[in-house]
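Derivation of every value follows stated rules applied to the coordinates shown; laboratory data play no part. Every value quoted in this text rests on a predicted model; they were computed, and no experiment measured them. Ideal geometry is used to build each Cβ from the backbone, glycine not excepted, and the neighbour counts take in all protein chains shown.
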Amino acid sequence: MTRAGGGVALRYAPAILLGRAARVAARLRKPGGGSAVPGLVVNRIAPGFLPSVLRGFRDGLVVVTGSSGKSTTTKMLVALLEAHGRRVFTNPSTANISQGLSSALLERVRLNGTIDADLAVLEMDEGHGALIAPRLSPRLVVLTNVMTDQIDRFFDSERVVALLRKIADRATEAVVSNGDDAMLEELVAELPAGVRVERFGVSAGVLAEQPRGLGSTRTSASRVSHGTRVEAARGRTATIEVGGTALTVTLPARGVHYAVDAAAAMAAARELLGEAFDPELAAETIATLAPVFARGEITTVRGAQGGAVEVEFVLVQNPASFQLNVDALDAGIDQVLVAMGSDVRDPGYFWPVDVRRIGRARIVSGSKASELALLLAYQGVEIDALEPDIPTAIDAFLALPEPASGLKTIIFTADPMRRTRAHLGLRS
């Protein structure tokens, strides 16, 4: 089949039309839902659709993957490239598996299989990314970290590394990797000849300020001496050295892990843009970004009596992210709701997390509320109420008087996050 304008002629036009029809039907049946259905349809009837479209971008494909930080790093990288004048296609953070990726493509693809953008920057789930990697040729792969994550899917960190290796091995030009992650250091040492490795990470001083480390399964013994490095991180402000230039960067959310995400995005943007990369523009761009939904997001929602209430949402997806986010909480925070749902198959997974900084949980909620309350109580966290039903718990929490210090803060895993968003009528 000959290509037309970088596309695939009209070979996939029937699949695109059927996928779009499925999207309309899914949204009529369930408004706001069914986002994976169009991708499932098009992948079933045209298995070559996804890799074919992703090969059609003039400036190539960039893949961002790893255990944690994918969504924030992807959003930052896209913003940096667009600020430098590049037209970028990307996927929502909720569409990082194969059917979600295909659904995202259907939103913008022409019938000839092309998308009006210079390059694609895609967040990819480790497992699904490894499955489709043999059919892809990404120009650049960004590796964020390796954590003990989703043990029901991946079993152990060695399996995660094996999946990431399948993706990284497909890079044609470069891999941008977390130089503080020992398992990634072993991975990049075995990349095919001719593929450059650029590193990002933190200074020895920043690491010393993190008594529990940065969440990686194993931390590298050697710090990142060349590349993009976080020199300091306090709250929502970080100092990041990029190519010898020290930049003061305002982060979309507080915590050193968000500074590391910013360093990853800057390292990738610098690799892609070369001499066109403007460090000052990069810092200014990141300062304007809102957080990815629930990743340290502060927003105003409707209260139980219809009034406006300011709330901070904190998503935790594995023990490392739980620990890093709890450590970043303001001291003496007054009102916290903590929720754990059906996405956590074994709540014992989170028992290594030191949750004492929470101090007092006004409400513990979610389908795993009892198990979560036991974890909190065992570490001396005071618990006011246990309410498994998310909507009831949210309404009761928002009805509480204004906190004496800090913001109302909701810490939740993925399932209660989605239920909270639906209950409050929020969009990602």
Exercise. Could you go through region 408-422 in sequence order and give the Karplus-derived ³J(HN,Hα) for each residue, using 6.51 cos²θ - 1.76 cosθ + 1.60 with θ = phi - 60°, rounded to whole Hz, and x for Gly and Pro?
Key: 4, 10, 10, 9, 9, 8, 5, 5, x, 4, 5, 5, 5, 4, 5
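What number, in percent, do you get for the relative contact order of region 349-428 if the mean sequence gap of Cα pairs under 8 Å and at least 6 apart is divided by its residue count?
Details: 75 pairs, mean separation 21.6, N = 80.
Computed over region 349-428, the figure is 27 percent.
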Practice problem: Assign unit charges at the C-beta atoms only (+1 for Lys and Arg, -1 for Asp and Glu), then state the dipole size of region 295-424 relative to its Cα centre in Debye, rounded to the nearest 20. | Solution: 200
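Give me Leu61, Leu374, Leu191 sorted ascending by neighbouring Cβ count inside 10 Å, so fewest comes first.
Working: Leu61 24, Leu374 15, Leu191 18.
Ascending number of Cβ neighbours within 10 Å: Leu374, Leu191, Leu61.
Where does each of His84, His226 land when they are ranked from fewest to most other beta-carbon atoms within 10 angstrom? Write down the numbers at each step before the final one.
Numbers: His84 16, His226 10.
The most exposed by this proxy come first: His226, His84.
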Self-check item: GNM result for the chain, Cα springs below 10 Å: residue of Thr72, Thr219, Thr228 fluctuating most strongly
Solution: Thr219
Quiz prompt | FRET efficiency estimate (nearest 0.05) - Cβ-Cβ, Tyr378 to Glu310, R0 25 angstrom | solution = 0.20
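If each residue of separation counts as 0.36 nm, what is the full-extension length gain between Asp116 and Ser370 once their alpha-carbon separation is subtracted? If you can, show how the numbers build up before the last one.
On the way: separation 254, 0.36 × 254 = 91.44 nm, distance 4.99 nm.
Extending this stretch completely gives an extra 86.4 nm.
Evaluate the relative contact order of region 276-348 (contact order divided by residue number), counting alpha-carbon pairs under 8 angstrom at least 6 apart; express in whole percent.
Over region 276-348, the number comes to 17 percent.
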Self-check item: Dipole-positive endmost among Gln379, Val355, Phe89 within the chain (Cβ charges, Cα centre)
Solution: Phe89
Practice problem: Would you work out which of Ala13, Asn145, Ser52 lies farthest towards the positive end of the dipole of the chain, given +1 charges on the beta-carbon of Lys and Arg and -1 on that of Asp and Glu, about the Cα centre? | Solution: Ala13
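What is the Å³ per residue value for the convex hull set by the Cα atoms of region 295-424? Intermediate results must be reported in sequence, preceding the final value.
Details: hull volume 11.5 nm³, N = 130.
Considering the Cα atoms of region 295-424, their hull volume per residue is 88 Å³.
So for region 13-287, considering every pair of alpha-carbon atoms, how many percent are separated by more than 22 Å?
Counting every Cα pair in region 13-287, those more than 22 Å apart make up 56 percent.
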Exercise. Compute the distance in nm between two label points, each set 7 Å from the Cα along the Cα-to-Cβ direction, one at Leu426 and one at Glu275.
Key: 4.5
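Pulled fully out, how much extra length does the chain show between Ala25 and Glu231, if you take 0.36 nm times their separation in residues and subtract their Cα-Cα distance?
Details: separation 206, 0.36 × 206 = 74.16 nm, distance 5.06 nm.
Extending this stretch completely gives an extra 69.1 nm.
Compute the relative contact order of region 13-287 as a whole-number percentage, counting only Cα pairs closer than 8 Å that sit 6 or more residues apart in sequence.
On the way: 555 pairs, mean separation 47.5, N = 275.
Reported as a whole number, the value is 17 percent.
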Quiz prompt | Interchain or long-range residues, amide H under 5 Å from Ile383's placed H | solution = Ala361
Practice problem: With unit charges on the beta carbon (Lys/Arg positive, Asp/Glu negative), name the residue among Ile411, Leu272, Val309 whose Cα is farthest towards the positive pole of the charge dipole of the chain. | Solution: Leu272
Quiz item: Once you charge only the Cβ atoms, +1 for Lys and Arg and -1 for Asp and Glu, what is the size of the charge dipole of the chain about its Cα centre, to the nearest 20 debye?
Solution: 1700
Quiz item: If you add up the charges near Pro47, with Lys and Arg at +1 and Asp and Glu at -1, over every other residue whose beta carbon is less than 13 angstrom from its beta carbon, what do you get?
Solution: +3
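Take every Cα-Cα pair in region 188-283 and report what % of them are more than 20 Å apart.
Working: 1650 of 4560 pairs.
Result for the distance tail: 36 percent.
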Quiz item: Under a Cβ-Cβ cut-off of 14 Å, what is the net charge of the residues other than Arg356 that fall near it, where Lys and Arg count +1 and Asp and Glu count -1?
Solution: 0
Self-check item: Footprinting exposure proxy for Met417, Met124 (fewest neighbouring C-beta atoms within 10 Å first)
Solution: Met417, Met124
